[in-house]
Amino acid sequence: MKGDIGLILCKLEKIYPPAFFDVMVHLSSHLPDEAILGGPIQFRWMYPIERFLWCLKQSVRNKAHPEGSVAEAYIAKECLTFCSMYLKGIGTRFNRDDRNNDIELDDSLPIFSQKCRPVGATTYLNLSVKELKALTWFVFQNCDEVEPFLKMHKEELVKGGCMNLDNNIKRSFRNGSKNIIIGLYKAHPSELNESLYSLACAPNRCIRKFSGCIVNGVRFLTKDRDSRRKTQNSGIVVDGNHGDNMISFYGVLDDIIQLDYVKDRHVILFKCDWFDLGRKKLTRIKKEANIVSVRVDGKWYEEDSYILADQARQVFYINDPKLGNDWRVVIPVSHRHVYDVCEMDNEEIDDDVLFVENGVYQENDTNDVLEVNLDEIESLRRNDIDPEDIDVTLYQGVPRMGDVANIDDADDLDDTMVDYYSSDEGSQKATIRIMILIVTQVN
């Protein structure tokens, strides 16, 4: 990078206007030297300071006194930041919700507790009887709590001598499974879930349509609303069964509808246009390494175009310059503030395994004893000189730190030192006394 950064900047000057090359872009020429001299990013990193200086420059109003404008703006910002931490009931940048904040409803049925928040203008539409039955049957199929009642209805059809179960149960579920659920709820209202009763009742024929929806922290927009924007939020991928195989269905969001049930319960569905990937004579999808390209000039599963809102995953489509105009490259995105955390049932986890893998390990008892060979340790005692005898009476009366009498008078100490320096023997004793005084004061 150190040798190529100059060439890179020259090539960028051919693409971007001169206003792009400010001091921030120029700092990239110093990055290799900074990395070589200082290693990874530390407090010497200048980009945060440069960004903060840019914010201060935006507050200049009187160019004759820029320092005054910067100082006043900084003080005002500090005051607002301090006061906003104590305001209640007022939205500030410290307590406001995220832009793509969804709403999780507390309901016993997962299908009624989707983390979805519709956005945009609301339009109303009356469904036909055929469309209403199709949507009601789709919701029934995606609710695991209804499966036992569907099995009971199948058993009744088998006892009645019905041959084609798949078509008949779809045709007669309105008078079969629903009547079973409603009958059980009327007979034993305390034993049957109230949410299940709301699901058994048909949704309102008048549905609500939206142009956007926030699902699990991700914003989805319909293709009509997306066509008027430079950004893209209508790409969708979902895993499903195609025959006996599990494949990924790629498409775009066509419409967002909300089904209203009794007792103020709702289900949000996505209507999608799926790209045709199943033609055998013509290749519709290509995978090279981690890049997936799909052909978008055909559609399939037009009669089965609905999915639950929380089943969708967002992708982006860009033109594929290699394969042509009808091909799009699929780009999956990891959204900010959205994390895919693995969830496990607490009953399936062993306490010992959970403690070892997720907890902080601490050894209660120490069984390992470190053996030390004393022969290898060098002694600090000198054997090349004779030991020196010290008169103990010289420091028996010397007070220590913490005693009532402390040696704080430097003049007395100097006079004592002069007395001991009068002879060679006194010189040795004075040296010993000074060392003892220093040690006692340190201790």
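Just so it is clear, none of the values below were taken in a lab; they were calculated from the coordinates. The structure presented is a predicted model; accordingly, all values stated were derived computationally and were not measured. Here the Cβ is made from the backbone with ideal geometry for all residues, glycine too, and neighbour counts use every protein chain on show.
For residue 220, what residues show an amide H to amide H distance below 5 Å, using hydrogens built from the backbone and excluding near sequence neighbours?
Answer set, sorted by chain and number: 213, 214, 215.
In whole Å, how far is the Cα centre of segment 232-262 from that of segment 1-34?
44 Å
How would segment 112-160 be classified by its alpha-carbon gyration tensor: rounded, prolate or oblate, with rounded meaning a/c under 1.5 and the a/b versus b/c comparison settling the rest?
Values: a/c = 6.50, a/b = 1.85, b/c = 3.50.
Since a/c reaches 1.5 but b/c is at least a/b, the shape of segment 112-160 is classed as oblate.
May I ask you to evaluate 6.51 cos²θ - 1.76 cosθ + 1.60, the Karplus curve with θ = phi - 60°, for each residue of segment 311-327 and list the ³J(HN,Hα) values in order in whole Hz, giving x for glycine and proline?
8, 7, 10, 8, 9, 10, 10, 10, 5, 9, x, 7, 9, x, 6, 7, 10
Using DSSP to define loop residues, name the trypsin sites (Lys or Arg not before Pro) in segment 1-71 whose beta-carbon has at most 16 other beta-carbon atoms within 10 Å.
Here the trypsin sites (Lys or Arg not before Pro) that fit, given the DSSP loop and packing criteria, are 2, 14, 44, 61, 63.
Using the count of nearby Cβ atoms within 10 Å as a rough guide to exposure, how do 129, 215, 158, 329 rank from fewest to most? List each step's numbers first, then the result.
Values: 129 8, 215 24, 158 11, 329 18.
By the 10 Å Cβ count, ascending, the order reads 129, 158, 329, 215.
Convert each backbone phi in segment 75-88 into a coupling constant with the Karplus relation 6.51 cos²θ - 1.76 cosθ + 1.60 (shift: θ = phi - 60°), then list the ³J(HN,Hα) values in order as whole Hz, x for Gly and Pro.
Those phi angles translate into 5, 5, 5, 5, 5, 5, 5, 5, 6, 5, 6, 10, 7, 10 Hz.
Near the amide H of residue 313, under 5 Å away, which other amide H atoms are found, from residues 5 or more places off or on another chain, if H is placed in the peptide plane?
Close amide H contacts, sequence-distant or interchain: 237.
What pairs in 2/322; 57/77; 115/299; 14/230 have C-alpha atoms more than 22 Å from each other?
Going by Cα-Cα distance, 2/322; 115/299; 14/230 fall outside the 22 Å limit.
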